[in-house]
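Reading through the structure tokens given below for one structure.
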Amino acid sequence: MKHRGIKDERIITEFQKLNSHGFAICFAGLMISLAVKVFILNWDIKLWLDTFLILMAACLYVVIRGIRAGLYQLPPKAGEVKRFKKMNLIGGLLSSVVWGSLMFSYDLLDSDPMNLSKSIVSTVAGAVVFFFGITALQWLMIKRSNKNADKMLDSEN
């Protein structure tokens, strides 16, 4: 006779925490490996592309599963939603500044002679596109996750 163990909330929570910590450790290890290969060892892209693709696939999987499960939700109060939108814009702005700084520094480190004004204009244009893209993507993820959470609640009732 097969016997199925009963899983209470404590066991489920501990199991989820264990999975979360395991993913965080793998994520940190892949990020450190990638940073060492790219910035310290200056390896060619062919030698570190596999690590990058594994890292991106794992992150994409976690985000898609979170959206489908309705885990990313807007706060219930209007004031909190306004604060959330502001934080979303600040996060998009900071990531755009970091992206623009990295792109500009790579242009400066390039061995070819370059036109500085052309580099600045292209980097600023790219940073603006990146800002709108990342901000819209974050908002779309939240909206879709809310929609999935509402759908799950409707199906339970």
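With the cut-off at 1.5 for a/c, could you classify segment 57-157 from its C-alpha gyration tensor as rounded, prolate or oblate? Prolate, because a/c is 1.5 or more and a/b exceeds b/c.
Compared with the dominant principal axis of the Cα atoms in the chain, helix 45-68 is inclined by about 40°.
The length gained by stretching the chain between SER101 and MET87 to full extension, at 0.36 nm per residue less their Cα-Cα distance, is 3.0 nm. Over the chain, accessible surface divided per residue gives 80 Å², non-protein components excluded, 1.4 Å probe. Quick one: with all protein chains in place, what share of the accessible area of segment 37-157 is carbon or sulfur, to the nearest percent (1.4 Å probe)? Within segment 37-157, the accessible surface is 70 percent carbon and sulfur.
Taking 0.36 nm per residue of sequence separation and subtracting the Cα-Cα distance, how much length would be gained by fully extending the chain between ASP110 and VAL129, in nm to one decimal?
On the way: separation 19, 0.36 × 19 = 6.84 nm, distance 2.28 nm.
Full extension of this stretch gives 4.6 nm more.
Which shape class, rounded, prolate or oblate, goes with segment 1-133 when its Cα gyration tensor gives a ≥ b ≥ c as root eigenvalues, a/c under 1.5 marks rounded, and past that a/b bigger than b/c marks prolate? Can you show the working numbers first?
Working: a/c = 3.71, a/b = 1.55, b/c = 2.39.
Verdict is oblate for segment 1-133.
Between SER119 and ARG65, the distance separating the two model label sites (each 7 Å from Cα on the Cα→Cβ line) works out to 4.3 nm. Spin-label model, PHE39 to SER20: label points 7 Å out along the Cα-to-beta-carbon direction sit 2.7 nm apart. Net charge near TRP43: determine it from the other residues with C-beta under 15 Å of the C-beta of TRP43, scoring Lys and Arg +1 and Asp and Glu -1. Cβ neighbours under 15 Å give a net charge of 0.
The values are calculated or read from the model by the stated rules, or taken from the named source; none is laboratory data. A quick note: this is a predicted structure, and the numbers were derived from the prediction, not measured. Don't worry about glycine lacking a Cβ; one is built from the backbone with ideal geometry, like all the others, and counts go over all protein chains shown. What goes into the accessible areas is simple: the full protein's heavy atoms, side chains included, and nothing from ligands, DNA or RNA. Shrake-Rupley method; radii C 1.70, N 1.55, O 1.52, S 1.80 Å.
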